[in-house]
1. Quick check on chain B: what are the equivalent-ellipsoid semi-axes from the Cα gyration tensor, as sqrt(5λ), descending, whole Å?
2. Running Debye on chain A with equal point scatterers at the Cα sites and no solvent, what base-10 log of I(q)/I(0) appears at q = 0.20, 0.22 Å⁻¹?
3. Can you pull the one-decimal nm distance between simple spin-label points at A:ILE102 and B:ALA123, each 7 Å off the Cα toward Cβ?
4. Can you list the residues of segment B:26-45 that have at least 40 square angstrom less accessible area with all protein chains present than in their chain by itself, probe 1.4 Å?
5. Given the protein chains as shown and a 1.4 Å probe, how many square angstrom of B:TYR134 are accessible, to the nearest 10?
6. Say R0 is 22 Å: what FRET efficiency, to the nearest 0.05, do B:LYS13 and A:LYS34 get from their beta-carbon distance?
7. At 1.4 Å probe size, what's the solvent-accessible area of A:THR13? Round to the nearest 10 Å².
8. Show which lysines lie in cross-link reach of B:LYS72 when reach means a straight Cα distance below 20 angstrom and same-chain residues fewer than eight apart are skipped.
Amino acid sequence: MINSDVIRGHIDTIILKLLGEKDMYGYELSGEIKSRTNNKFDIKEATLYSVLSRLEQRELIASYMGEKSLGRQRRYYRITNLGRAYYKESLNEWRLLNEIMINTLGSDGS
Amino acid sequence: MNKIKSFVTRLLKGMFNDQDKRELIEILTRSLEEKVDDLVEAGTPVQEAIKRSINEFGSSDDVLDAFPDKEKLRSKKIKSRFNKLIFALAAYLIVCALVLFVNYLFIDFFANYWWSGIVAIGALFWPLSMFYAYLKAKR
């Protein structure tokens, strides 16, 4: 399980990446993150949904009402063009960080 | 489903300014309700689904984790001012009650003078100043 301080700066990137692949609603996104990271990154739903609200405010993602389930509609999130641009930028940043860490620590840390 | 909304409202008590908070409460509540729906669809009884969703949700610190440090500090400040306000109010009420009681008990000794009223007005500075400090942090 990863320390949440280490990954905090990259949560936005992860969410934008997943929403870039497919529109999702909040809980679906939480399940997707858990399954893709083999439960090593157990993002709290309190954090995830708050990030969604922040990203929506910054217009990096947008939401719309989707299919009905049990009489209630779900709110789906999709990535905006601004979000895609931001994602590319964060990805470059991540690559740079990755490179720095590998160059200094070595690829296996030894 | 009101249980979920009141849980979320309680979780965010004293954090964020009013508009951000309204939006956040709405989003958190809806996402939690969607989770409950999913669990119910998968065969969990409604009450258990609500309980489980609330238990797994996380704390107010987890909510703050979603925000950059600056905003996080601000929210913490608002929360601490809010707590100080509550403390000041409670202390004020206790002091007033005590003074009033002493005044009442020895009213003959004080020549029927209700001086406790003056103390009550004077001591108002404490909760009032805390109230304004809270409003200032919240703005």
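The values are calculated or read from the model by the stated rules, or taken from the named source; none is laboratory data. On a predicted model such as this, the values are computed, not experimentally measured, just so you know. Neighbour counts are summed over all protein chains in view; Cβ atoms, including those assigned to glycine, are modelled from backbone coordinates with ideal geometry. Protein only, heavy atoms only, side chains kept; ligands, DNA and RNA dropped before computing areas. Shrake-Rupley method; radii C 1.70, N 1.55, O 1.52, S 1.80 Å.
1. On the way: eigenvalues 396, 81, 19 Å².
Equivalent ellipsoid of chain B: 44, 20, 10 Å, largest first.
2. Per q value, in the given order, log10 I(q)/I(0) is -1.13, -1.29.
3. Here the modelled spin labels are 6.8 nm apart.
4. Residues shielded by partner chains are B:ILE27, B:ARG30, B:SER31, B:GLU34, B:LYS35, B:ASP37, B:ASP38, B:GLU41.
5. Here the residue's solvent-accessible area equals roughly 30 Å².
6. Values: r = 29 Å, r/R0 = 1.30.
The pair B:LYS13/A:LYS34 has a calculated efficiency of 0.15.
7. Number for this one is 20 Å².
8. Correct list for B:LYS72: A:LYS44, B:LYS13, B:LYS21, B:LYS84, B:LYS136, B:LYS138.
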